[in-house]
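Reviewing the structure listed below.
The values are calculated or read from the model by the stated rules, or taken from the named source; none is laboratory data. Every value quoted in this text rests on a predicted model; they were computed, and no experiment measured them. Glycine gets a Cβ as well: all are built from the backbone with ideal geometry, and neighbour counts include every protein chain shown.
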Amino acid sequence: MGNDRGRSTRAAVLDAAADLVAELGWGRVSTRAVAERAGVRPGLVHYHFASQQELLAEAALLRITTLTGQGLDALEDAPDLRAGLAMLRESVAHVDSSDPLHLLMAETHLAASRDPALADALRRAVADFRRRLAGWLVGRGVVSAVAGDVAALLTAVLDGIALHRALDPELSLTRVDALFETLTTSGGGSCTP
């Protein structure tokens, strides 16, 4: 029973921390605010996490990897490459500057520029995303020899769209649509069989 309560407390603290990073920014989150949001005593936050940085890093990475993992799981249901690419495009096409996931990711990227351990963990999370995306691409007919490069390019394009759409909601995605179209036609060169 105690282990279940401990896991539940830890999960509530992580959820609260991720929410607060998105709402307040990495540097403005306090363990007291996290405890209050999670509905626990501040001492419990310190019991579960050695430092505030450890808490924020774990919370941010958990939220990011969970949500991107869910996105990749949903991608598996796409009937073909074209539909999957449309899903990827839609996942970032309407991002705005107040989107909590966008804010959490931006804050985490910025914090990683100052924290080598967080940067390493984030690098591993991105590599895992790219690896899974490459596997999905191969399963949809992209040549395995280039699938990793295509996955890296798609990841960078999606990140770029999210960043730019948050600043400019009117940004045209016509060129991105054309790029995605080349991946689904025989004119895509070495990307498709």
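All conditions in (1) aliphatic (A, V, I, L, M); (2) in a helix (DSSP H, G or I); (3) farther than 30 Å from ALA16 by Cβ hold for ALA78, with the sole exception of (2). Among all positions in the range 71-81, there is no residue which is farther than 22 Å from ASP128 by Cα and modelled with pLDDT of 95 or more. Is it the case that ALA106 is at negative phi, assigned to a helix (DSSP H, G or I) and either among the basic types (Lys, Arg) or surrounded by fewer than 16 Cβ atoms within 10 Å (Cβ to Cβ) (or both)? In short, no.
Within the range 57-71, the presence of at least one residue that is of a type in the set (S, T, N, Q), in contact with an Asp or Glu (Cβ under 8 Å, 6 or more places away or on another chain) and part of a helix (DSSP H, G or I) is confirmed. Can you confirm whether the range 159-177 contains a residue that is crowded, with 18+ Cβ neighbours inside 10 Å, without any contact (Cβ under 8 Å) to a residue 60 or more places away in the chain and among the polar types (S, T, N, Q)? For the range 159-177, residues crowded, with 18+ Cβ neighbours inside 10 Å, without any contact (Cβ under 8 Å) to a residue 60 or more places away in the chain and among the polar types (S, T, N, Q): absent.
Scanning the range 1-52 for residues that are in a helix (DSSP H, G or I) and in contact (Cβ under 8 Å) with a residue 60 or more places away in the chain yields ALA18, ASP19, VAL21, ALA22, GLU23, TRP26.
Residues that are within 21 Å of ARG37 (Cα to Cα) and among the hydroxyl-bearing types (Ser, Thr, Tyr): does the range 80-97 have at least one? Taking every residue of the range 80-97 in turn, none turns out to be within 21 Å of ARG37 (Cα to Cα) and among the hydroxyl-bearing types (Ser, Thr, Tyr). Among the candidates THR185, THR192, the residue that is among the polar types (S, T, N, Q), buried (at least 16 other Cβ atoms within 10 Å of the Cβ) and modelled with pLDDT under 95 is uniquely THR192.
With respect to the conditions (1) part of a helix (DSSP H, G or I); (2) surrounded by 16 or more Cβ atoms within 10 Å (Cβ to Cβ); (3) in contact (Cβ under 8 Å) with a residue 60 or more places away in the chain; (4) touching a Ser or Thr at 6+ places or on another chain (Cβ under 9 Å), ASP128 falls short on a single one, namely (2).
If the condition is being in contact with an Asp or Glu (Cβ under 8 Å, 6 or more places away or on another chain) and not in a helix (DSSP H, G or I), then the range 154-169 contributes only PRO169.
Among the criteria (1) in a helix (DSSP H, G or I); (2) farther than 20 Å from GLU90 by Cβ, the one GLY141 does not fulfil is (1).
Does THR31 fit the bill of being of a type in the set (Ser, Thr, Tyr) and surrounded by 19 or more Cβ atoms within 10 Å (Cβ to Cβ)? The answer is yes for THR31.
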